[in-house]
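Let me begin by presenting the structure, written as structure tokens, before commenting on it.
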Amino acid sequence: MSTPAPSPAANHVPPRHIGIIRDGNGRWAAAKGLPRLEGHRRGAERLIEVIDACIDDGVSMLTVFAFSAENWKRPLDEVSGLFKLGEWILRAHLSRLEKRKVRLRVIGDMTGVPEFVRRPLEDVMKSSRDNTAFTLVVALNYGARQEMAAAAQALAADVAAGRLAPEKVDWPAVEARLQTAGMPDPDLIIRTSGEFRLSNFLLLQSAYAEIVFTSVFWPDFDKAQLRLALAEYAKRERRFGQTREQLPPSALR
Ligand code: FPP
């Protein structure tokens, strides 16, 4: 049975952008004597519920770790099962995403993604471009270190070509060359399944993110669990390097 959902605190400004490291699909399945892919399927269904809950609770962007640049090391049948599942879940829930005016973005190296997944993702990215209510960012074949290296390459090329002076290589210049350019930084990162690490997910963008770790396996992470994470976030005091005394009264709870 799921935990009763606390309402977010009345004075709570919801996080604008949440990042989720959805972990524990395999262990969820193993605990139930099911194949790993069944855990992934249940996990994919959960994502749809969590997107709905985010929209209902005033969150405007969600980035989910769908497939990391390191996940290629998994057994071949799991990798191909994951991509088939990704394509299926997009097709199965597309009308719902359209109805809720969800814009789709992808970060990661799409060149490595099989065409039967890449093509529909590109189509939906194009058709949902003007949706402003909510943005779903799928991190696919994504790794923060790879993203940083690509940004460094782009900076080096601009410097070498004389388009950018070396002393102008500051954080805005780096940020503009990340795959997340134009996106707000995540305010809250959630990782499920009792693991306490970031696993190469949005490392630079998470510099000031609040992090919530929960022991719940991702296939059990429902709307109530999201509300618990939001309630935990609401208790955090975000100081961004300042002292408590410097914060405006609206930031103190
Ligand atoms: C974590 O569980 C989950 C993943 C590694 C990936 C889940 C991704 C999908 C279901 C969709 C993929 C979509 C596309 C388009 C590829 P885990 O397997 O690490 O769980 P464990 O740590 O318990 O083994």
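Every read-out reported here was derived from the displayed coordinates using simple, explicitly stated rules and does not represent laboratory data. Just so it is clear, the structure is predicted and the values come from calculations on it, not from any experiment. No Cβ is skipped: glycine too gets one built from the backbone with ideal geometry, and neighbour counts run over all protein chains shown.
Some observations on this one:
- Segment 37-54 - phi-based ³J(HN,Hα) in whole Hz, Karplus 6.51/-1.76/1.60, Gly and Pro as x: 5, 5, x, 5, 5, 4, x, 5, 4, 4, 4, 4, 5, 5, 4, 4, 5, 4
- Ratio of the Cα radius of gyration of segment 48-110 to 2.2 N^0.38 Å, where N counts its residues: 1.28
- Here the Karplus curve 6.51 cos²θ - 1.76 cosθ + 1.60, taken at θ = phi - 60°, turns the phi angles of segment 111-125 into couplings of 5, x, 8, x, 4, 5, 9, 4, 4, x, 5, 5, 4, 5, 4 Hz, with x standing for Gly and Pro.
- Near ARG105, the amide H atoms lying under 5 Å from its own belong to LEU136, VAL137, VAL138; only residues 5 or more places off or on other chains count, and H is placed 1.01 Å from N.
- Kirkwood Rh and Cα Rg combined as Rg over Rh, evaluated for segment 52-198: 1.00
- Loop-located trypsin sites (Lys or Arg not before Pro) across segment 151-227 with a Cβ neighbour count of 11 or fewer within 10 Å are ARG163, ARG197, with loop assigned by DSSP.
- Value of relative contact order over segment 17-129, rounded to a whole percent, pairs C-alpha under 8 Å and six or more apart: 25 percent
- Sorted by Cβ density within 10 Å, fewest first, the residues TRP218, TRP88, TRP171, TRP28: TRP171, TRP88, TRP28, TRP218
- Taking the Cα centre of the chain as origin and assigning +1 to Lys and Arg Cβ atoms and -1 to Asp and Glu Cβ atoms, the resulting dipole is close to 320 debye.
- Couplings 3J(HN,Hα) of segment 237-244, computed from phi: 9, 9, 10, 6, x, 8, 8, 4 Hz, in residue order, whole Hz [Karplus 6.51 cos²θ - 1.76 cosθ + 1.60, θ = phi - 60°; x for Gly and Pro].
- Interchain or long-range residues, amide H under 5 Å from ILE211's placed H: ILE189
- Normalised by 2.2 N^0.38 Å, where N is the number of residues, the alpha-carbon radius of gyration of segment 116-253 equals 1.29.
- Per residue, the average separation of C-alpha pairs within less than 8 Å and at least 6 apart gives the chain a relative contact order of 30 percent.
- Computed from the C-alpha gyration tensor, the three semi-axes of the ellipsoid equivalent to segment 206-253 are 28, 12, 6 Å, from longest to shortest.
- In this structure the amide hydrogen of ILE20, modeled in the peptide plane, comes within under 5 Å of the amide hydrogens of THR63, VAL64, PHE65, ILE190, none closer than 5 places in sequence on its chain.
- Contour minus Cα-Cα distance for TYR208 and ARG236 (0.36 nm per residue): 8.9 nm
- Counting only residues at least eight positions apart within a chain, or on another chain, the aspartates and glutamates with an alpha carbon under 12 Å from that of LYS84 are GLU115.
- The lysines whose alpha-carbon is closer than 23 Å to the alpha-carbon of LYS99, local same-chain residues fewer than 8 away aside, are LYS126, LYS223.
- Averaged over residues, the count of other Cβ atoms within 10 Å places the peptides 37-44, 144-151 in the sequence 37-44, 144-151, highest first.
- Translational diffusion coefficient (Stokes-Einstein; Kirkwood radius from C-alpha pairs) of the chain at 10 °C, 1.306 mPa s, in µm²/s: 82 µm²/s
- Count Lys and Arg as plus one, Asp and Glu as minus one, and take only other residues whose Cβ is under 15 Å from that of MET110; the net charge is then -2.
- Footprinting exposure proxy for GLU87, GLU78, GLU210, GLU115 (fewest neighbouring C-beta atoms within 10 Å first): GLU115, GLU78, GLU87, GLU210
- Secondary-structure-derived ellipticity at 222 nm for the chain, considering helices only, amounts to -13000 deg cm²/dmol, per-run term -39500 (n - 2.57) for DSSP H runs with n ≥ 4.
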